[in-house]
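Data first, discussion second: the structure below is written as structure tokens.
Values in this text are rule-based calculations from the coordinates and carry no lab data. Keep in mind it's a predicted model, so treat the numbers as computed, not measured. Every residue, glycine as well, gets a Cβ built from its backbone with ideal geometry; the counts of neighbours run over all protein chains shown.
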Amino acid sequence: MEQVNLVIDYPAKIANMLVQGQLDVGLIPVAAIPQLKEWHIISDYCIGAEGAVASVCLFSDVPLEKVERILLDYQSRTSVNLCKVLLKNFWKINPVLEDAKEDFREHIGGTTAGVVIGDRALEQRLISPYIYDLAACWQQFTGLPFVFAAWIANKELPNSFCKLFNEANAVGLKELDKVVAENPYTVYDLNTYFGKNISYCLTGDKRKGLEKFLELLRCL
């Protein structure tokens, strides 16, 4: 921590700050990577999923084939683009896509669906009858896990810093039980969420999944 000034904000804003050079490192949505002139993955850890992630979903009152409009969450570029990739290549449907405002969950209904992330997605699971988990759908489509966010630097950083940073990430993962205990949450079981839904190690298969996603993103 002596080498770091910590900035906390939602993913899309962190990505914008990294692109603009206001940050050196960010845990950013991987869909922002193409906007960077230079980028380096500096950690063996990420926010990924090897199956259902639970907190990144397309929610609807009707089956997917009846959806006419999709509202896109303003808080995550990766989740929105993952939905676009799946719409084009996996589901092969072409509903109207609309960038959403802060109150967009109120407008999910009828033939209007919505991509929702984070805590709000875990809440929406209790409301919407049709839930399409985007990480699970990606795995069905590609056979690969998905990386939502990675620790990205916009410049080369000293190996000594990267080593310490990696070790710090590892320490945090050993404290998941303590994190759950300190954050009571009745909407969704956090032991399941942090212990099973989220997969943290940036494995070879996750890197392949990331490469595949960036490749398909270029074709949108």
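In units of the compact-protein estimate 2.2 N^0.38 Å, the chain shows a Cα radius of gyration of 1.02.
Looking at the stretch 99-203, the GluC sites (Glu not before Pro) that sit in a DSSP loop and have at most 16 other Cβ atoms within 10 Å of their own Cβ are Glu102, Glu156, Glu175. A simple packing score, the average count of other Cβ atoms within 10 Å per residue, orders the peptides 49-58, 108-117 as 49-58, 108-117, with the highest score first. Taking Cα centre as origin and charging only the Cβ of basic (Lys, Arg, +1) and acidic (Asp, Glu, -1) residues, the dipole magnitude of the stretch 1-156 rounds to 440 debye. Note on Ser160 and Glu102: the extension gain reaches 16.8 nm, defined as 0.36 nm multiplied by sequence separation minus the Cα-Cα distance.
To the nearest ten degrees, helix 204-218 and the longest principal axis of the Cα atoms of the chain are 60 degrees apart. Computed from the C-alpha gyration tensor, the three semi-axes of the ellipsoid equivalent to the stretch 111-189 are 31, 21, 12 Å, from longest to shortest.
Pairs to check: Lys88/Lys212; Lys37/Lys163; Lys66/Lys88; Lys66/Lys92; Lys13/Lys196; Lys174/Lys196. Give those whose C-alpha atoms are more than 19 Å from each other in this structure.
Numbers: Lys88/Lys212 14 Å; Lys37/Lys163 24 Å; Lys66/Lys88 16 Å; Lys66/Lys92 13 Å; Lys13/Lys196 27 Å; Lys174/Lys196 14 Å.
The answer is Lys37/Lys163; Lys13/Lys196.
Against the chain, whose longest principal axis comes from its Cα atoms, helix 77-86 is set at around 50 degrees.
To the nearest ten degrees, helix 159-173 and the longest principal axis of the Cα atoms of the chain are 50 degrees apart.
With the cut-off at 1.5 for a/c, could you classify the stretch 33-139 from its C-alpha gyration tensor as rounded, prolate or oblate?
Numbers: a/c = 1.69, a/b = 1.59, b/c = 1.06.
It is prolate, given that a/c is not under 1.5 and a/b is the larger ratio.
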